[in-house]
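Contents: one structure, followed by commentary.
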Amino acid sequence: MLFYRAALPLSRKTLTFVSGIIRRHEISIGSPWRKLNPGQQALPVLVYLRKGETFAEVAAGFGVGTSTAWRYVNETVALLAARAPKLRMAVRDAVKAGCAYVVLDGTLIPVDRVAADRPFYSGKHRKHGMNPQVIASPDGDILWVSGALPGSVHDKKAEWIWGVLAELEVAGLVTLADKGYQGSTYAKIPDRGKNKPESQKQANKAHARLRSPGERANAQLKTAQDLADSPQAPLLPWRAGQLAKAIHVLQIREANAG
């Protein structure tokens, strides 16, 4: 096997942040010794999350077994996900930041399921996955990520389960969404139907222009989808939501470090 040096586009502050989380966790559970210290454990986790390498590749690169790499990554992802912003706090912060509006959208993180697992199958995307809801700013920054529901759950039902639009309405935040939220009494969605008058067509175009930067926030979760799409690293349903939240927490830390 050949080895090479590689750069990771993350700051030293982010590594220190993750190392501190691991160190405090080890103390709390009384874990006296591990092959990698907290700093050394944090680095392969960041490699996994940022570059999408498989557990086998991460393990080989850091001189540990594949099962050890799996355990380190899953432990740290859970610790990071627990620090993700809660819905009410995220909405409050958006109001304080003076967001003119927010964008609500759902995405699909593919998971390792078979054809018999119908609850996980998304007819829209034609693949098995989990559906997290995402609130984004007009600039495309992720403000909040929900837990993940089975891919068969429609976006409108998913937001209702998490109480997203109800919270946004209470805060008075203008919310733009796509046609997947048809039936909402609060979110601004495009007009539907054929042969629309010109005024509605122009309104839909304006709506799409305003919504597109926010919808690109879902692309920031592409790392999670890359991991899921890798045949060597299938993603289990229960991990999809944690992974998305962990990536969001890292993005917040990188923004603060910058």
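The values are calculated or read from the model by the stated rules, or taken from the named source; none is laboratory data. Just so we're clear, the structure is a prediction, and the values are computed from it rather than from any experiment. Cβ sites come from the backbone with ideal geometry, for glycine too, and all protein chains shown count toward neighbours. Remember, those area values only see protein heavy atoms, side chains included, never the ligands or the DNA or RNA. Shrake-Rupley method; radii C 1.70, N 1.55, O 1.52, S 1.80 Å.
Number of residues in region 1-18 that are surrounded by 12 or more Cβ atoms within 10 Å (Cβ to Cβ) and farther than 13 Å from ARG253 by Cα equals 1.
Does LYS127 qualify as being closer than 22 Å to LEU210 by Cβ and either open to solvent by 10 Å² or more (accessible area, probe 1.4 Å) or over 13 Å from the mean Cα position of the chain (by Cα) (or both)? Considered against the rule, which asks whether it is closer than 22 Å to LEU210 by Cβ and either open to solvent by 10 Å² or more (accessible area, probe 1.4 Å) or over 13 Å from the mean Cα position of the chain (by Cα) (or both), LYS127 comes out as no. Quick check, is GLY63 of a type outside the set (A, V, I, L, M) and in contact with a strand residue (DSSP E or B) (Cβ under 8 Å, 6 or more places away or on another chain)? Taking the combined requirement at face value, the residue does not satisfy it. With the condition kept exactly as written, say whether any residue in region 24-46 is acidic (Asp, Glu) and over 24 Å from ALA240 (Cβ atoms). Yes, because at least one residue in region 24-46 is acidic (Asp, Glu) and over 24 Å from ALA240 (Cβ atoms). Taking region 52-78 as the search range and keeping residues that are of a type outside the set (Val, Ile, Thr) and within 15 Å of the chain's Cα centre (by Cα), which one is most open to solvent (accessible area, probe 1.4 Å)? Applying the filter and picking the extreme gives ALA78.
Among the residues of region 79-104, those identified as open to solvent by less than 20 Å² (accessible area, probe 1.4 Å) and closer than 18 Å to ALA148 by Cβ are LEU80, ALA81, ALA84, ALA90, LEU104.
If you go through region 160-212 and pick out every residue that is open to solvent by less than 90 Å² (accessible area, probe 1.4 Å), part of a helix (DSSP H, G or I) and among the aliphatic types (A, V, I, L, M), you end up with 10. Out of region 80-102, which residues are under 15 Å from the mean Cα position of the chain (by Cα) and among the hydrophobic types (A, V, I, L, M, F, W, C)? Selection gives LEU80, ALA81, ALA82, ALA84, LEU87, ALA90.
Summed over region 19-44, the residues that are of a type outside the set (Gly, Ala, Ser), surrounded by 13 or more Cβ atoms within 10 Å (Cβ to Cβ) and assigned to a helix (DSSP H, G or I) give a count of 10. Quick check on SER212: is it among the small types (Gly, Ala, Ser) and free of Cβ contacts under 8 Å to residues at least 40 places away in the same chain? Yes.
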